[in-house]
Amino acid sequence: MITVEHAVAAIREVLAGKGRSDVDVHADSTLAELDLDSLDVAEVLIILEQQAGTELDESGGLRTVADLAGLRPRTDG
Amino acid sequence: MTLGLFTALTRRAASAGGIEAGGERATWAELAERAAEQNRRHDGVAGRCVTVHDGTPIERVAALAALDAAGAQAVLARAGDDTVAVTAAGEASAVGILSSGTTGAPHLQTWSWGTLVAAVRVPAASRGGRWVSFYPLDTFAGVQALLFGVLSADELVLADARASLATACDGEARVVMATPSIWRRILVLGDGDPDTLPRVQVISMGGEAADQPLLDRLAQTFPHARIVHVYASSELGSVFSVSDGRAGFPQAWLETRRPSGIWLTVTDGVLHVSRDPSEPPIATGDEVRLDGDRVLFRGRRRGVINVGGRKVRLEHVAAVLREAPVVLDARVYGIPSRLVGSIVGADIVLAAGTATDAVHAHCRARLAAHERPRRITVVPVLPIGPTGKGNL
């Protein structure tokens, strides 16, 4: 189960890799306002999937941190 | 009689010294006798293929020499690798070696012992003494190192790729041969400690590109050693060697015949080789770029991944990582991503007391966003593959 805390921690890890450790991240933050591009989002997703131990279904779209926290395991194999 | 492995061993029988491998030791005389004894039991194998994959390294050397004497083709198959079909008919007094697969799927390349022995040229100053090979015996480099040792060393040590340099050298070695990945591992594992550092006269490496940080670290750790990078492959044999301490090779060598008799050309950014300029050149699969007076290796053609629709050369990323002062070694790979195809991942060995922050900063300064390793894992040491190679 991915929580908001998991999603925030994953985003902070990605931002730290970009040299941006001082960004305020919360559940309502949009990925766009955090200046996360598609590579960053792919990285966040891989971190969360490694934590969850399974692939996550992002087909519902990813706009906010809360969207990441609501991700469920993929069921299409 | 053509000089092959058996004849070379027999000629050493009266000399002191021998081979050490896997905790076992045999004098040259004992090895020659073992090979002769096995040869007496061989019957009707001339011109046929015989697979050699069992036994200790010394038993395998004796088996190779015996099959050479019997006029058979020995095939050095890796344990568990049955992907290459071995036909019954073989070439007389030859050895079949599986390519490492870096130029495509592994395949069997056959060399006559006479050809391999004829290619061995050792300067007088390097002859004798203790020679150490970290190359697996079932690779082209491993067989070449065996022949160099049999023809030139007093003591030849066939060391496991994970063995300690200090133990293998026992204080001093005339020549130590290993892949760049194994040399990085040797430096990472602290064999560079000046108190335990063996005296090495010649450092030889091949099988992978030697980047500038590795050449610099080796020169710093072994200031009195001559450092030689050999460009060879199981498909082509030895092509050239470089010993000026710089990565790549001189651009002036292009379109000229090297001492090995092989011509070098660059077409579409890929190094090509041919035995004669009138023959169609063979693509090596090594991508290169011209940089000043130098031809530098960029990586393997197949070592390219797609990140968000853009190509990333994994070896380039690994080379940039290794240029970071805190990174002792690096291995780079693609991590599949449904969103962008792949992102770049890296396993790195860090200098003691350092953190990944500096590595991320180094990468941000040196790499484009799509090239930057997104997942960096710190490991104590990198694995060495069965052919002695690391990345890719």
Sequence gap at least 6, Cα distance under 8 Å: using those rules, report the relative contact order of segment B:236-275 to the nearest whole percent. 29
Length added when fully stretched, B:Arg11-B:Ala125, from 0.36 nm per residue minus Cα-Cα: 39.0 nm
Roughly how far apart, in whole Å, are the Cα centres of segment B:1-70 and segment B:244-298? 36
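Given all pairs of different Cα atoms, what value in angstroms does the Kirkwood hydrodynamic radius of segment B:268-330 take?
About 13.6 Å for segment B:268-330.
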If one puts a single equal scatterer on every Cα of the protein assembly as shown and applies the Debye formula without solvent, what log₁₀ I(q)/I(0) results at q = 0.08, 0.13 Å⁻¹? -0.56, -1.17
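Can you tell me the relative contact order of chain B? Whole percent, Cα pairs under 8 Å, sequence separation 6 or more. Intermediate results must be reported in sequence, preceding the final value.
On the way: 838 pairs, mean separation 40.8, N = 392.
After rounding, I find 10 percent.
So if R0 is 45 Å, what FRET efficiency would A:Thr3 and B:Arg302 give, r being the distance between their Cβ atoms, rounded to the nearest 0.05?
Here the calculated transfer efficiency is 0.65.
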FRET efficiency (B:Ala219, B:Thr256; Cβ distance; R0 22 Å; to 0.05) is 0.25
Counting only Cα atoms, I'd like the Rg/Rh figure for segment B:308-355, Kirkwood definition for Rh. 1.06
Equivalent ellipsoid dimensions for chain A as semi-axes, Å, which come from the Cα gyration tensor, largest first: 20, 12, 11
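Only the coordinates and a few stated rules stand behind these numbers; no lab work does. As the structure is a prediction and not an experimental result, all values here were calculated from the model. Counting neighbours? That spans all protein chains shown, and the Cβs are built from the backbone with ideal geometry, glycine included.
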